[in-house]
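The values are calculated or read from the model by the stated rules, or taken from the named source; none is laboratory data. Note that the structure is predicted; figures quoted are calculated from it, not measured. We place every Cβ from the backbone using ideal geometry, glycine too, and count neighbours over all the protein chains shown.
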Amino acid sequence: MELIELKANIRNSTGKGQARALRRAEKMPGVFYGPETEPVLLSVGISDLEKALKKSPSSQALFNLTILNGENTSRPAMIKELQIHPLSRDYLHVDFYGISMDRKISVKVPVVAKGKSQGVELGGILQIIRRELEIFCLPGEIPDAIELDVTDLDIGDSIHVKEIPLQGDIEIPADVDFTVITILAPKAEVEEEAEEGEEEAEEAVAGEETSEAESKE
């Protein structure tokens, strides 16, 4: 995954008044921090951040964050927290966390099904149980997505975490037996099986009632 370029300015004050002033200027307050790094107060252009996020193929964008303060410095960073107004959906505050390109990090990447499965051809339904997976790898090895070939999956088949082919030094710190993708039976077939089950249950109850009545006689 490539680092997305983003610029930020140093800010020297805090508080609601300063935050409102920034938003009037179409900017938002933020902070940069990380291991062995003193927190740095920032201001970021709202449209700049929106454009940068749209360039990321996954929900976890990585940035080459350039901090403008006379002597410009660039640091690889990821968003640790992005506060959004619950009603207006406006960006309120962003926390950037400094990362090292030679140290593994945990990120989430989307799951993508490739191909058309045999089960779907027969009327089955493809269900993606987990649309994102958390992986642990170096920042430079983060894939745009985890692609899973479903061509050979029949109705009732599944792909579990332990069956996912991984490239490079990538780990998935999740339950290895967790189902990621499955092919469900056609809805009509499921309903039919349910109805048959109900009929069998009713017949069993009726049989028990008949036996009880005969025993009383």
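Worth a mention:
- Lone unmet requirement of (1) touching a Gly at 6+ places or on another chain (Cβ under 9 Å); (2) surrounded by 14 or more Cβ atoms within 10 Å (Cβ to Cβ); (3) at pLDDT 90 or above; (4) not assigned by TED's automatic domain parsing to the domain that holds Glu36 for Val94: (4)
- Of all residues in the stretch 3-47, those being free of Cβ contacts under 8 Å to residues at least 24 places away in the same chain, among the charged types (D, E, K, R) and either touching a Pro at 6+ places or on another chain (Cβ under 6 Å) or under 28 Å from Gly140 (Cβ atoms) (or both) number 2.
- Any hit, the stretch 120-134, residues being part of a loop (DSSP other than H, G, I, E, B), of a type in the set (Val, Ile, Thr), within 21 Å of the chain's Cα centre (by Cα) and more than 20 Å from Met78 (Cα to Cα): yes
- Selection within the stretch 56-75 - part of a strand (DSSP E or B) and farther than 21 Å from Ala145 by Cβ: Asn64, Leu65, Thr66, Ile67, Leu68, Thr73, Ser74, Arg75
- Residues in the stretch 102-140 that are surrounded by fewer than 15 Cβ atoms within 10 Å (Cβ to Cβ) and of a type in the set (Asp, Glu) were compared, and the one that is nearest to Asp175 (Cα to Cα) is Glu134.
- The stretch 59-91, subset polar (S, T, N, Q) and farther than 19 Å from Ile4 by Cα, residue surrounded by the most Cβ atoms within 10 Å (Cβ to Cβ): Gln83
- Among the residues listed as Val40, Val31, the single one being of a type in the set (Val, Ile, Thr), in contact with an Asp or Glu (Cβ under 6 Å, 6 or more places away or on another chain) and in the same structural domain as Arg89 (by TED's automatic domain parsing): Val31
- Residues in the stretch 1-27 that are closer than 16 Å to Asn72 by Cα and not polar (S, T, N, Q): Glu5, Leu6, Lys7, Ala8, Ile10, Arg11.
- When we screen Arg89, Arg103 for residues that are within 17 Å of Ser47 (Cα to Cα) and either outside any strand (DSSP E or B) or outside the structural domain of Arg11 (by TED's automatic domain parsing) (or both), the only hit is Arg89.
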